[in-house]
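Undergrad: Before we start, here is the structure in question, set down as structure tokens.
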Amino acid sequence: MPSEILLKIFSYLDAVSLLCAGCVSRRFYHLANDNFIWIRIYSTAFSPTRSNWKVNSVEKIAVSVSFLSVQDKEAGYWKKEYITKQIASVKAALADILKPVNPYTGLPVKTKEALRMFGLGWAIILKEKSGKEYVMEHVDLSVNDTSVTVIWYGKNWPCLASLSTLDLCGVTPVFMDWYKTPTKHRLRWHSLIAKYNLSHLTVSTMIGCDRLIRIFCLHPGLLVGVWKKEEELAFVMANLHFHHLVERSTLGSATIPYELPPHSPFLDDSPEYGLHGYQLHVDLHSGGVFYLCGTFRNLFTKKGNIENGHVKLIVIHLKNNREHLPLIGKVGLSWKTDILDGCIKSCSMMDVTLLDEHGKPFWCFSSPVCMRSPATPADGPSFLGQTYSVDYVDAEGRVHVELVWIRETEEYLIVNLVLYLSIAKINRWFGTEY
């Protein structure tokens, strides 16, 4: 068919159909880059009368002049301009929907709505030592109170011994309603969230196992399941906290993660009194089952409670029986693949949201954790039952939980919960010099 006729046909297509047509062949690709077609699509989509953003007179003149000088631009110029502007409009809409903040959680009210409306998803990119890459889109996800759990599994995993790194990326459709179309070649952009070294799947990072698999925790928040017998990948599970989740999943590039804007320190008008008025929300969960969902308000600590570069913030006191809390149900981390499923005892996902005295998120994370028998007995009252501890550490702080197994009621009882907050983080946050 002559190119003139094809161009005439292409001129009746919308942007999505035109992009799809460009994937048919090399000839179709070059024809679908025609600037006359794309400048019409661009001006229709982003004309001042049809958009919510204001266009100044300079931009109006630029558009009108460009009609007269389309041939001066290289092929595909206006297609790139259209896609760039479309991405910018999606990012602007996301920023707008995330503005309202819940005063009780300090997190955006409409995070779940944003994930659903804009079709946000996540992918992992497995890289071999040879440089070959495998891109896998998430198979399943569940939305929790303050986090999202994303799962990948399947039959076509590459050989684990040949892999070097794993990249976790957010995936966003360029066209907000296009994610509903289950096509493999839909136009999206990737935002790198974290990069993991798979050589760290060692005994030191293994947190649990059952008769089929072993699970490894890679910071931040990644769980990798490996078949015991074959020593190959079984599944990958990521737990992503809501705090800046949408920004991290959309505003980075394919190679560089999103960086938070510079923090302006809050004025601490009474630094001599230490930290006060803090609020903690903590969840322990797996597979949609919550073992703990607790909120603790009016937390405080004196300036003198500093040890090893951390401020000690006691949430549940070991010697105060009235503060002790039971866990609900039998703790275990549920996993599944396309053929098998199971549950690993004593493991779960922990979501922590700590708000400062102004109600701003001070420290947030989601990570796999495991209950272990402590190496040394706790310095406190004796309990009639086996004791366990749960520990989490990152650059901003540490969480320490002590539990007792009550045989009579067959439940775990939290008898101690302590946060150790980094002095460096506190000084950056408030501009203090502790």
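Undergrad: Given F67, F28, F36, which one is part of a helix (DSSP H, G or I), modelled with pLDDT under 70 and either closer than 30 Å to D96 by Cα or open to solvent by 30 Å² or more (accessible area, probe 1.4 Å) (or both)?
TA: F67
Undergrad: Out of (1) more than 27 Å from C209 (Cα to Cα); (2) in contact (Cβ under 8 Å) with a residue 60 or more places away in the chain, the odd one out for L327 is which?
TA: Condition (1) is where L327 drops out.
The rows are residues; the columns are (1) surrounded by 15 or more Cβ atoms within 10 Å (Cβ to Cβ); (2) in a loop (DSSP other than H, G, I, E, B).
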| position | (1), (2) |
| --- | --- |
| V311 | yes, no |
| R322 | no, no |
| D338 | no, yes |
| T353 | yes, no |
| V369 | yes, no |
| V390 | yes, no |
| V401 | yes, no |
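Undergrad: Inside segment 176-198, can you point out the residues that are at pLDDT 95 or above and either open to solvent by 50 Å² or more (accessible area, probe 1.4 Å) or of a type in the set (K, R) (or both)?
TA: Result: K195, N197.
Undergrad: Right, here's the next one. If you check L318 against the conditions, is it open to solvent by less than 30 Å² (accessible area, probe 1.4 Å), in contact (Cβ under 8 Å) with a residue 12 or more places away in the chain, more than 23 Å from A234 (Cα to Cα) and not in a loop (DSSP other than H, G, I, E, B)?
TA: Taking the combined requirement at face value, the residue does not satisfy it.
Undergrad: Quick one: which residue in E59, E81, E74 is modelled with pLDDT under 80 and among the acidic types (D, E)?
TA: E59
Undergrad: Can you confirm whether segment 268-289 contains a residue that is touching a residue at least 60 places away in the same chain (Cβ under 8 Å), farther than 20 Å from M349 by Cβ and either assigned to a helix (DSSP H, G or I) or aliphatic (A, V, I, L, M) (or both)?
TA: yes
Undergrad: Identify all residues within segment 324-336 that are within 23 Å of L280 (Cβ to Cβ) and either open to solvent by 10 Å² or more (accessible area, probe 1.4 Å) or not in a strand (DSSP E or B) (or both); write none if there are none.
TA: Residues satisfying the conditions are H324, L325, P326, L327, I328, G329, V331.
Undergrad: Shifting gears a bit: If you go through segment 139-156 one residue at a time, do you hit one that is open to solvent by 10 Å² or more (accessible area, probe 1.4 Å), of a type in the set (F, W, Y), touching a Ser or Thr at 6+ places or on another chain (Cβ under 8 Å) and touching a residue at least 60 places away in the same chain (Cβ under 8 Å)?
TA: Yes, that holds for at least one residue.
Undergrad: Considering only segment 71-104, state which residues are assigned by the TED database to the domain that holds Y42, free of Cβ contacts under 8 Å to residues at least 12 places away in the same chain and not in a helix (DSSP H, G or I).
TA: E74
The values are calculated or read from the model by the stated rules, or taken from the named source; none is laboratory data. Quick caveat: nothing in here was measured; it's all calculated off a predicted structure. All Cβ positions, even for glycine, are placed from backbone atoms using ideal geometry, and neighbour counts span all protein chains on display. When the accessible area is computed, the model is the full protein with side chains, heavy atoms only, and any ligands, DNA or RNA have been set aside. Shrake-Rupley method; radii C 1.70, N 1.55, O 1.52, S 1.80 Å.
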